[in-house]
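The block underneath contains the structure these notes are about, expressed in structure tokens.
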Amino acid sequence: MFENLTDRLSVTLKNLRGQGRLSEDNIKDSLREVRQALLEADVALPVVRDFIEGVREKALGQAVIGSVSPGQALIKVVNDELVAIMGHQHAAINLDIKPPVIILMAGLQGAGKTTTVAKLARRLIEVDKKTVMVASTDIYRPAAISQLQTLAGEVKAIFHPSDSSQSPVKIARQALDAAKKHNADVLIVDTAGRLSIDEQMMDEIKSIHAELDPTETLFVVDSMTGQDAANTAKSFGEALPLTGVILTKTDGDARGGAALSVRQITGRPIKYIGSGEKTDALEAFHPERMASRILGMGDILSLVEQAHEKVDLDKAEKLARKVKKGKGFDLEDLRDQFVQMEKMGGISSMMDKLPGMGAGVSKAMQSPAHTKQMKKMVAIIDSMTPQERRKPEVINGSRKRRMAVGSGTQIQDVNRLLKQHKQMQKMMKKMGSKGGMANMMRGLKGNLPPGMQF
């Protein structure tokens with residue numbers, strides 16, 4: 001997300017280096033470039049106009065203090081304006097009321113609404129430690145109810161059964177009664193989507209809203225539709241008292257126009273962003289962190305939170321103790337690292353949040369070939385015996401052939417994995433020795449293992 005915008009803004013801001021002061025002359029061309037970058041990112045025109053005007057007013061005449069360059073000064077101004085149009089701070093779901101907290105989900109067909117219900121349920125269960133019930137009032141789409149039932153089982157939410165012979169309002173009423181009987185903390189109600197906004201759809205969801213009087217009414221929208229996402233959200237906002245927006249499919253959106261337009265056009269905050277189809281792929285939306293990512297400055301806070309939520313801390317601590325004691329980093333440890341990385345959205349997701357990595361690096365790491373390579377390596381390790389994982393030195397030619405056949409790979413893939421493991425062993429040894437992380441980073445410089453090159 002935002003790869004194209006990040007690249008364009010990076011080039012534009014670099015061009016201001018060497019100037020002594022931000023003035024009308026040296027900022028005019030830069031703002032034209034920023035404006036073009038925002039329009040190419042499919043940001044709504046009124047939002048672009050307000051943004052550029054806000055940056056111009058704040059940037060003009062700012063003196064450069066000390067060693068701060070005009071480029072850095074403008075970055076600060078652009079960062080502040082990005083935060084302002086996206087909403088200043090994270091707008092959390094209101095869970096501090098008498099249960100059950102009712103969340104009504106609205107949106108067009110194909111936006112990923114049902115999957116988002118499961119993602120949100122999982123987050124509320126695992127992060128907020130709430131008991132969650134889910135229900136579907138979508139009596140029109142084939143298998144919509146059974147899809148939610150399957151997802152509910154996956155995320156360990158309570159599923160309220162319904163069928164296409166019932167009216168959506170009746171399902172909503174019965175789901176609320178069931179949530180109270182089960183002492184559920186949260187009830188999430190999925191609604192039917194349409195291919196476009198129509199009167200029948202709006203009347204139905206208004207009736208459900210009137211029946212439930214929900215705490216939160218969230219609009220789920222496909223971020224890949226760009227500024228159309230913001231316009232659709234505005235139409236829903238005129239029919240329903242929306243409390244927030246969830247952007248989906250952000251992993252397929254290199255432009256980011258929806259994220260920059262929705263808040264300004266609807267007046268409603270973005271609460272979460274979803275990427276991918278897995279039920280753990282939902283992040284809280286923090287405007288200040290997103291602005292930092294857009295400007296290529298990373299998002300360390302989100303990376304730390306993600307690690308805390310998804311990484312097996314016991315395994316991580318065990319590996320740290322093992323490395324500190326100087327014990328070998330075996331292939332089982334390497335496999336654990338690949339699995340933990342996958343849980344955090346893959347290396348591309350991590351790179352995207354690291355300062356200075358840039359959109360080009362993140363995009364390179366998102367290639368299907370890279371993901372395939374990592375899965376290959378896990379498959380090869382899975383085809384090894386416990387002894388081979390613990391003592392790679394016993395692996396000979398015949399064992400390699402067996403591993404290649406067992407994992408559906410080639411012998412050169414096995415050799416590549418073993419080479420990468422040796423390099424990782426060296427890094428871990430440096431990390432465990434005096435100097436620790438500094439030694440490891442020196443070892444990493446210009447010497448990334450195969451499969452992690454970009």
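FYI, it's all coordinate maths here, none of it is from the lab. The structure presented is a predicted model; accordingly, all values stated were derived computationally and were not measured. Reconstructed Cβ throughout: ideal geometry from the backbone, glycine too, with neighbour counts over all protein chains shown.
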- Determine ³J(HN,Hα), in whole Hz, for all residues of the stretch 273-290 in sequence, where each value follows from phi through the Karplus function 6.51 cos²θ - 1.76 cosθ + 1.60 and θ = phi - 60°; x replaces Gly and Pro. 10, x, 9, x, 9, 5, 6, 9, 8, 9, 10, 5, 8, 10, x, 5, 6, 5
- Residue pairs, from the table Lys156/Lys180; Lys130/Lys234; Lys113/Lys271; Lys129/Lys156, whose Cα atoms sit over 23 Å apart: Lys130/Lys234
- A student asked for the Cα radius of gyration and Dmax of the stretch 101-286 in angstrom ought to give 15.1, 45
- Item | Size of the stretch 124-171 as Cα extents on the principal axes (Å, biggest first) | 34, 19, 12
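Roughly how big is the stretch 123-247's charge dipole about its Cα centre, with Cβ charges of +1 (Lys, Arg) and -1 (Asp, Glu), in debye to the nearest 20?
Details: 12 positive and 18 negative charges, 82 e Å.
About 400 debye.
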- Among Ile27, Ile139, which comes first, then next, by fewest other beta-carbon atoms within 10 Å? Ile139, Ile27
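Just to verify a number: FRET efficiency for Arg399 and Glu277, C-beta to C-beta distance, R0 = 45 Å, to 0.05?
Numbers: r = 37 Å, r/R0 = 0.81.
That pair, Arg399 with Glu277, gives E of 0.80.
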- Length gained if Arg56 through Asn26 is fully extended, taking 0.36 nm per residue and subtracting the Cα-Cα distance, is 9.7 nm
